[in-house]
Amino acid sequence: MTKKLLSAFLAAGLAALFAAPKASAQEVTFQRKIRLNLWAELDAYPGLVESGSSQSGEKERKNQGIFDHAIGQMKKITPFLMNGMVYGWTFDYTPSDKLRGVEEYFEIKEIRSFDQEAKRIRYENPTFDESKVRCWANFERDESMVQSWNQWADIKNPRIMGVGGGKIYKGFEGIEDAAKNALKNAVRAHYQKILRNKPKQITGRALINKIPAILINSGEYQMQLDFFLETGIIKEYQNF
């Protein structure tokens, strides 16, 4: 398939899969409106056919499959991250302790389902090049969500930041791993500063308070996330 034909093919697919109204040029604060610039690496998924002449429709079908898969990944990533920005995540963290033979454990869960809210996400302004599919994803908070944001932003809740990685070949799970590791690293760094002794367990909640920064480095997604932090329970060891 020539580059010209591939461009026409992808353009038609983008128009069909991302049919949506044009984005408004009006600037709205993050407190009111979330606007994510998303991308998916076509080369990150197996089966992508190289450009060249084709004697059948096989290459077109395979390229369509990769194209659909990349977009499908973006439509999984978007509600996952937006849930972290609108409702936040709970976390359960056990620091590693070699002397006690304790392995590090970290788990996150959504505070509230985002399934119904995901229907309000608008995917707009799709573009592509030879290696990526890009688009904007927009979501407007309702009044209750804005009030929740204001409560999170209370000065009593500390701000923390972390960077985490996840394997590209894992697709959406790689992004999920990067976000989870970013929160784990942020939580670990924060409590190392304020706790004198290593705790047995820390629980709490966190809300993403800025647009995530995502890049690729050495075969991994690298994600920087900023959070509001709400501490839950801190359990100390009773004895050594």
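Kindly provide the set of residues from the stretch 115-168 that are open to solvent by 70 Å² or more (accessible area, probe 1.4 Å), farther than 30 Å from I194 by Cβ and assigned to a loop (DSSP other than H, G, I, E, B), ordered by number. Scanning the stretch 115-168 gives D115, Q116, E130. Applying the selection to the stretch 19-38, what residues are surrounded by fewer than 10 Cβ atoms within 10 Å (Cβ to Cβ) and either modelled with pLDDT of 50 or more or outside any loop (DSSP other than H, G, I, E, B) (or both)? Hit for the stretch 19-38 is T29, nothing else. Can you tell me which residue in the stretch 85-114 is modelled with the highest pLDDT, limited to those that are assigned to a loop (DSSP other than H, G, I, E, B) and of a type in the set (A, V, I, L, M)? Once the filter is applied, the top-ranked residue is I111. Can T127 be described as at pLDDT 95 or above and of a type in the set (S, T, Y)? No: the conditions fail for T127.
Residues that are closer than 14 Å to Y221 by Cβ, more than 11 Å from the chain's Cα centre (by Cα) and aliphatic (A, V, I, L, M) within the stretch 162-207 comprise V163, I168, listed in sequence order. Evaluation of S218 against the conditions (1) of a type in the set (G, A, S); (2) without any contact (Cβ under 8 Å) to a residue 12 or more places away in the chain; (3) more than 24 Å from W39 (Cβ to Cβ) shows that the sole unmet condition is (3). The requirement of being closer than 15 Å to G88 by Cβ and out of contact with any Ser or Thr (no Cβ under 8 Å at 6 or more places or on another chain) is fulfilled nowhere in the stretch 189-205; no residue meets it. R205 falls short on exactly one of the conditions (1) under 28 Å from Y105 (Cα atoms); (2) open to solvent by less than 20 Å² (accessible area, probe 1.4 Å); (3) modelled with pLDDT of 95 or more, and that condition is (2). Please specify each residue of the stretch 221-240 satisfying the condition of being without any contact (Cβ under 8 Å) to a residue 60 or more places away in the chain, in contact with a strand residue (DSSP E or B) (Cβ under 6 Å, 6 or more places away or on another chain) and open to solvent by 50 Å² or more (accessible area, probe 1.4 Å). Result: T231, I233, I234, K235. Filter the stretch 178-202 for residues that are free of Cβ contacts under 8 Å to residues at least 40 places away in the same chain and charged (D, E, K, R); which is most open to solvent (accessible area, probe 1.4 Å)? So, considering only residues that are free of Cβ contacts under 8 Å to residues at least 40 places away in the same chain and charged (D, E, K, R), the one most open to solvent (accessible area, probe 1.4 Å) is R196.
The values are calculated or read from the model by the stated rules, or taken from the named source; none is laboratory data. It should be emphasised that the depicted structure is a prediction, and the values quoted were computed from it without experimental measurement. Using ideal geometry, Cβ is built from the backbone for each residue, glycine included, and neighbour counts are taken over all protein chains shown. Calculation scope for accessible area: heavy atoms of the full protein, side chains included, ligands and nucleic acids excluded. Shrake-Rupley method; radii C 1.70, N 1.55, O 1.52, S 1.80 Å.
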